[in-house]
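These notes are about the structure you will find just below.
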Amino acid sequence: MPRYKLTIEYNGTNFIGWQKQKKGFSIQETIEKAAKNFLQSEVDITVAGRTDAGVHADAQVAHLDIFKKLKIKNILFGLNFYLSKEKFGEDISIKKVNKVDANFNARFAAKKKTYKYKIYNNESRSPMHAYNTWWVSQKLNIVDMKKASKHLLGNHDFSSFRASGCQALSPIKTLDKIAVIKKKNIITLTFTARSFLYNQVRIMTGTLKDVGSGLIKPEALKKILQKKKRASSGITAPSKGLTLYKVYY
């Protein structure tokens, strides 16, 4: 049975997250409904990593098996056409379709993931950036945020940056790359790792924001890690500023 890799972009504002749930509109269910109408058969999609309510994706990855013999361009156009007929379906776009080996698994074959978090740092609110950034009106010290971020690099017990309800077997993760860049009024925080704990990126972002505002000293990040307690770190940044940027295979 042919297997296809989907690269997916979505605006997560109107969704309860990737995973199907009893109430609300999920990205998974919306795509599966569109695929079912297109293929006239039941479809199960496996994703690289589930995103939470309100989180966006620039290049989420999933795979599905298709019984019919179809051209790749027809799969791409067909899925997008039927997505446009679903509730909030126009907030999702299949950017690319690739035929892959039958053993390819979007979840287990993923080597690393990169997330980007955007903060709109300006006194005045921006309607243009409202859906995909966190508006922080207080001026943030980008130099201090960069200094503090370096303490998060490498292999650590990230219990202090782990939300309650996290189902990961171990709090130990390796953060491979981190970058804090400001262009005009947009501060972009980029995180790359094999995997992340539940809300880890949002808690790291909230903590770095507290560093930027002066509530936490840059050197305190080392002690926060050592305490291994969620209460010792900063706030959880809102989901709307977070985007799954890339999945590496």
Query raised in the report: Pick from 177, 68, 150: which is most flexible by mean-square fluctuation in a GNM of the chain where alpha carbon atoms under 10 Å apart are linked?
Result: 68
Report task. Using the structure shown, list the pairs from 111/150; 87/116; 139/173 with a Cα-Cα distance above 29 Å, or answer none. Result -> 139/173
Query raised in the report: Residues with beta-carbon under 12 Å from that of residue 79, excluding residue 79: net charge, scoring Lys, Arg +1 and Asp, Glu -1?
Result: +4
Query raised in the report: How far apart, in nm, are the 7 Å Cα→Cβ label points at residue 157 and residue 77?
Result: 5.7
Report task. Using a cut-off of under 13 Å, list every residue of the range 27-65 whose amide N is near the label point 7 Å from the Cα of residue 85 along the Cα-to-beta-carbon line. Result -> 33-41
Query raised in the report: Which angle between 0 and 90 degrees, to the nearest 10, do you get for helix 200-212 versus the longest principal axis of the chain when only C-alpha atoms count?
Result: 30
Query raised in the report: Just how large is the dipole of the chain about the Cα centre, in debye to the nearest 20, putting +1 at every Lys and Arg Cβ and -1 at every Asp and Glu Cβ?
Result: 560
Query raised in the report: Hey, what did the range 3-100 get for relative contact order, percent, Cα under 8 Å, at least 6 apart?
Result: 44
Query raised in the report: Over the chain, what is the mean sequence separation of C-alpha contacts under 8 Å (at least six apart), divided by residue count, expressed as relative contact order in percent?
Result: 24
Query raised in the report: To the nearest whole percent, what portion of all C-alpha pairs in the range 83-133 is separated by more than 17 angstrom?
Result: 68
**Report entry** Rg/Rg_ref, the chain, where Rg_ref = 2.2 N^0.38 Å and atoms are Cα
**Finding:** 1.07
Report summary line: Among the Cα-Cα pairs of the range 3-100, the proportion with separation greater than 23 Å, in percent, is 14
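Read-outs throughout are calculated quantities, based only on the coordinates presented, and are distinct from any laboratory measurement. Note that the structure is predicted; figures quoted are calculated from it, not measured. Note: ideal-geometry Cβ built from the backbone for every residue, glycine included; neighbour counts use all protein chains shown.
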